[in-house]
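Take a look at the structure below.
The values are calculated or read from the model by the stated rules, or taken from the named source; none is laboratory data. In this text, all values refer to a predicted model and were calculated from it rather than measured experimentally. All Cβ positions, even for glycine, are placed from backbone atoms using ideal geometry, and neighbour counts span all protein chains on display. SASA here: full protein model, heavy atoms, side chains in, ligands and nucleic acids out. Shrake-Rupley method; radii C 1.70, N 1.55, O 1.52, S 1.80 Å.
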Amino acid sequence: MKDVLGQAISDYHKQQMPGKLWIHNRYGPKEPMPVEAYFRAEEDMPDLEWSALNECRGKVLDIGAGAGSHAIELQERGYEVTALDISPLAVEVMRQRGVKEALTADVFTFTGQRFDTLLLLMNGIGLAGDLAGLTKLLQHFKTLLAVGGQILFDSSDVAYLYEGKLPESGYYGQIAYQYEYKEQKTDWFNWLYVDMNTLNDVATLAGFEVEILYEDEFAQYLARLTQL
């Protein structure tokens, strides 16, 4: 797939005529995605992300790290952080911004190290794609977690998108998206938003305990998963 998001992040970082990043969906008109959100400083991060960073411990793997803002903040707090992203351009930006350990890899095949905290912010757990993918991802995370380790991530209940008319088949939190930037488009891909009840069911079957650490009025939440 074209590295459209990585190109947008790279252009913004280099200030080389950045264009507008668009997200297409199948439930409404395309929406702009502000690239500057990937470059937030600590004081600009929402309360949910602050809470997640405060809950980190030990050796941290920042999954889907984007431009590296969370990894940079954790480094400044003294944590040993590995920042992982599938985008080579985003990883290069992270390195230029000072992330000490930034790796280009697909988390589904990433192996060889164990971490005390697996961190997935800005709905990073959505990369699972669907509920079957979430089960697969959680099983893989067991190979990356140190003894007593934790998974921290945010997600949300997107039932409101359907205005009371949920789809008759399939899980409603599986959303198809497509990025567009400077007339370049990615393939369509699935992104998962999982409500708390469904998360609890899937995680329990996968051998994890769920703890909700933060919840706001927009049905967004921060969860901690630990192995049973």
field: Ellipsoid equivalent to the range 93-212 - semi-axes via the Cα gyration tensor, in Å
entry: 26, 22, 12
field: All lysines inside 28 Å of LYS142 as judged from Cα atoms, apart from same-chain residues fewer than 8 positions distant
entry: LYS59, LYS100
- prompt: Where the centroid of each part is defined by its Cα atoms, how far is the range 139-160 from the range 165-228 in Å?
  reply: 11
query: Hey, what do the phi angles of the range 36-50 turn into as Karplus ³J(HN,Hα) couplings, whole Hz, using 6.51/-1.76/1.60 and θ = phi - 60°, x for Gly and Pro?
result: 4, 4, 7, 10, 4, 7, 3, 5, 9, 6, x, 4, 4, 5, 4
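Which of the trypsin sites (Lys or Arg not before Pro) found in the range 78-113 are loop residues per DSSP with 16 or fewer other Cβ atoms within 10 Å of their Cβ? Walk me through the numbers before you get to the answer.
Details: sites: ARG95, ARG97, LYS100; in loops: LYS100.
Loop-located and lightly packed - LYS100.
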- request: Starting from the range 1-89, pick out the GluC sites (Glu not before Pro) whose DSSP state is loop and whose Cβ has at most 16 other Cβ atoms within 10 Å.
  value: GLU80
- prompt: Per 10 Å bin, what percent of the C-alpha pairs of the range 1-84 does each bin hold, from zero upward?
  reply: 15, 41, 32, 12, 1
query: For the range 196-210, what does the Karplus curve 6.51 cos²θ - 1.76 cosθ + 1.60, with θ = phi - 60°, yield as ³J(HN,Hα) per residue in whole Hz, taken in order and with x for Gly and Pro?
result: 5, 5, 5, 4, 4, 5, 5, 5, 4, 5, 7, x, 10, 9, 9
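By the gyration tensor of its Cα atoms, with a ≥ b ≥ c the square roots of the eigenvalues, what is the shape of the range 72-142: rounded for a/c under 1.5, prolate for a/b over b/c, or oblate?
Details: a/c = 1.96, a/b = 1.60, b/c = 1.23.
Taking the square roots of the gyration eigenvalues as a ≥ b ≥ c, the range 72-142 is prolate.
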- request: Considering only protein heavy atoms, with the full assembly of protein chains and a 1.4 angstrom probe, order MET122, MET45, MET1 by accessible area, largest first.
  value: MET1, MET122, MET45
task: Could you pull out every residue, at least 5 positions away or on a different chain, whose amide H is within less than 5 Å of the one on LEU21? Hs are placed 1.01 Å off N in the peptide plane, and Pro or chain starts have none.
output: MET33, VAL35
query: Top mean-square fluctuation among THR198, THR117, THR82, Gaussian network model of the chain, C-alpha springs under 10 Å?
result: THR198
- line: Both in Å, the radius of gyration and Dmax of the C-alpha trace of the range 1-141 are 15.1, 43
query: For the chain, with every protein chain kept in place, what is the accessible area per residue (1.4 Å probe, Å²)?
result: 50
field: Per-residue ³J(HN,Hα) for the range 102-117, Karplus 6.51 cos²θ - 1.76 cosθ + 1.60, θ = phi - 60°, Hz, x for Gly and Pro
entry: 10, 10, 8, 6, 8, 4, 5, 10, 6, 9, x, 9, 10, 10, 7, 9
query: If amide H atoms are built 1.01 Å from N in the plane of the peptide, which residues on other chains or at least 5 residues away come under 5 Å of the amide H of GLN174?
result: TYR193
query: the range 12-43 to the range 66-138: how many Å between their Cα centroids?
result: 19
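Please go through the range 135-228 and write out the chymotrypsin sites (Phe, Trp or Tyr not before Pro) that DSSP classes as loop and that have at most 11 other C-beta atoms within 10 Å. All intermediate terms of the calculation are to be shown ahead of the outcome.
On the way: sites: PHE141, PHE153, TYR160, TYR162, TYR171, TYR172, TYR177, TYR179, TYR181, TRP188, PHE189, TRP191, TYR193, PHE208, TYR214, PHE218, TYR221; in loops: TYR171, TYR172, TRP188, TYR193, PHE218.
Listed in order of number, the matching sites are PHE218.
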- line: Non-local residues with an amide H under 5 Å from the amide H of TYR214, with H modelled 1.01 Å from N and Pro and chain starts lacking one, are LEU222
